[in-house]
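Only one structure is covered here, and it is reproduced in the block below.
The values are calculated or read from the model by the stated rules, or taken from the named source; none is laboratory data. Everything quoted here is computed from the prediction, not taken from an experiment. Please note: Cβ atoms are built from the backbone with ideal geometry, for glycine as well, and neighbour counts cover all protein chains shown. These accessible areas exclude ligands, DNA and RNA; they are computed on the full protein's heavy atoms, side chains included. Shrake-Rupley method; radii C 1.70, N 1.55, O 1.52, S 1.80 Å.
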Amino acid sequence: MPSVDLPLEQCVTYRPDLPEPEDFDAFWSGTLAAPPGEGACVRPVFTETETGLPQVRVYDVSVPGHAGRPVRGWLRMPAGTDGPLGCVVEFLGYGRGRGLAHENLLWACAGYAHLVMDTRGQGWSAAVGATADTDAGGAGTTPGFLTRGIESPETYYYRRIVTDAVRCVEAMREHPAVDPARIVVTGVSQGGGLALAVSGLVPSLAGVMPDVPFLCNFPRAARITSLPPYTEIASYLRLHRDRTASVFRTLSYFDGAHHAARATAPALFSIAMMDEICPPSTCFTAYNRYGGPKQVEVYEFNGHEGGTTHHQRRQLTWVRELFATMTPG
């Protein structure tokens, strides 16, 4: 597959003029401070689940997410451990759900608590989901999620999902088995974009690991990408020819590049130079703006699959070394 975007030597210095709303910070502080709705969940619930895996304890999780509506997940921890654990909170790729209880054991096997957040309304592709999105938005959206509620930032789908992600990190900080000072957030594609959002909204994270991140530099992605999901934006604007400015204004509140600029935690990115789904220039837009200490692994000949197990090996080393420098909280 040929290179699909700017060459690496241009990507590493790529800092486009990306309009940012003047009320960006006020919008997010107001969103996160909003009281829960009627009938909302009050506290996270962790229910141990039998999996037949004696070395790993698995809990079915329900966390009060956006407006206090429950968002599901799995919490996996190594069995028989003492003392507060370092924790990895993982957000999932577009279309994926949390899957089954016995899946995704890497981080628990490495000795960490590992929370996988379900993505509300998703779970139709590689893994099943268990969280409904009750705010489906107005009629006329393009199939998918990128235009759901795009009429305004207040109704946009990803406002709910980013809030869910923040609440999941907060829930793990309060968990008695977790060291609140040693929490790393991560995710691939959509999960990487959510990790960037959390990096800018949650203070004092231990680390951030966004892989081939989605939800970055929407204006460029929508114009150069020929594969879904960014094509959902172009399809919507192909019909709603008069809404281009308002659509990109809404999206600007959710751009991972703006969140990244507010981050302070150490970060390990991965970017693939032949990625046709999340073009490397859009990922580098967020990386080059990232406010904390940062490193990037570039996979020159890979597409959206990125570094896969090779990069997991790099992440395991990075997290171990990161936590080794920290005094448990």
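Heavy-atom accessible area with a 1.4 Å probe sorts ASP133, ASP179, largest first, into ASP133, ASP179.
A viscosity of 0.890 mPa s and a temperature of 25 °C, combined with the Kirkwood radius over Cα pairs in Stokes-Einstein, give a translational diffusion coefficient for the chain of 124 µm²/s. Each residue was assigned an accessible area with a 1.4 Å probe, and for ARG167 the value is about 50 Å².
Around TYR236, with a cut-off of 15 angstrom between Cβ atoms, what is the net charge of the other residues, counting Lys and Arg +1 and Asp and Glu -1? Charge balance near TYR236 sits at +3. Taking only the C-alpha atoms of region 122-253, the Rg (one decimal) and the largest Cα-Cα distance, Dmax (whole number), read 16.0, 52 Å.
Descending by average beta-carbon neighbour count within 10 Å, the peptides 308-316, 271-279 line up as 271-279, 308-316, the highest first.
Shape class for region 1-119: oblate, because the ratio a/c of the largest to smallest gyration tensor axis (alpha-carbon atoms, square roots of eigenvalues) is 1.5 or more and b/c is at least a/b.
Beta bridges assigned by DSSP with both partners in the chain are antiparallel in approximately 45 percent of cases. Values of log10 I(q)/I(0) for region 286-325 across q = 0.16 Å⁻¹ run -0.53, by the Debye formula with one identical scatterer at each alpha carbon and no solvent. Taken along its three principal axes, the alpha carbon spread of region 224-329 comes to 54, 32, 20 Å, from the longest extent down to the shortest. Only one residue of MET274, PRO219, ALA286 has its Cα farthest out toward the positive end of the dipole of region 219-308, where Lys and Arg carry +1 and Asp and Glu -1 on Cβ, and that residue is PRO219. Protein heavy-atom accessible surface, 1.4 Å probe, per residue over the chain: 41 Å².
If you sort TYR156, TYR14 by accessible surface, 1.4 Å probe, largest first, the order is TYR14, TYR156. A Gaussian network model of the chain, with springs between Cα atoms under 10 Å, assigns the largest mean-square fluctuation among ASP25, ASP164, ASP82 to ASP82. Remark: accessible surface ordering of CYS41, CYS216 (largest first) is CYS41, CYS216, probe radius 1.4 Å.
For region 47-86, rounded, prolate or oblate, judged on the Cα gyration tensor with a ≥ b ≥ c (square roots of eigenvalues), a/c < 1.5 rounded, else prolate if a/b > b/c? Cα axes put region 47-86 in the oblate bin. Compute the Cα gyration tensor for region 226-284, then decide on rounded, prolate or oblate, letting a ≥ b ≥ c be the square roots of its eigenvalues: rounded whenever a/c is under 1.5, prolate when a/b is larger than b/c in the other cases, and oblate in all that remain. It is oblate, given that a/c is not under 1.5 and a/b is not larger than b/c. If you average the C-alpha positions of region 103-127 and of region 268-312 separately, how far apart do those two centres end up, in angstrom? One Cα centre to the other: 21 Å. From the alpha carbon centroid of region 7-63 to that of region 143-202 is 1 Å. A Cβ-based charge dipole, computed about the Cα centre of the chain with Lys and Arg at +1 and Asp and Glu at -1, lands at about 40 debye. Taking VAL188, VAL42, VAL208 in turn, the Gaussian network model of the chain (Cα-Cα springs below 10 Å) assigns the largest fluctuation to VAL42. Taking only protein heavy atoms and a 1.4 Å probe, the accessible area of the chain is 54% carbon and sulfur.
Annotation: peptides 108-114, 4-10, ranked by per-residue average of other Cβ atoms within 10 Å with the highest first, follow the order 108-114, 4-10.
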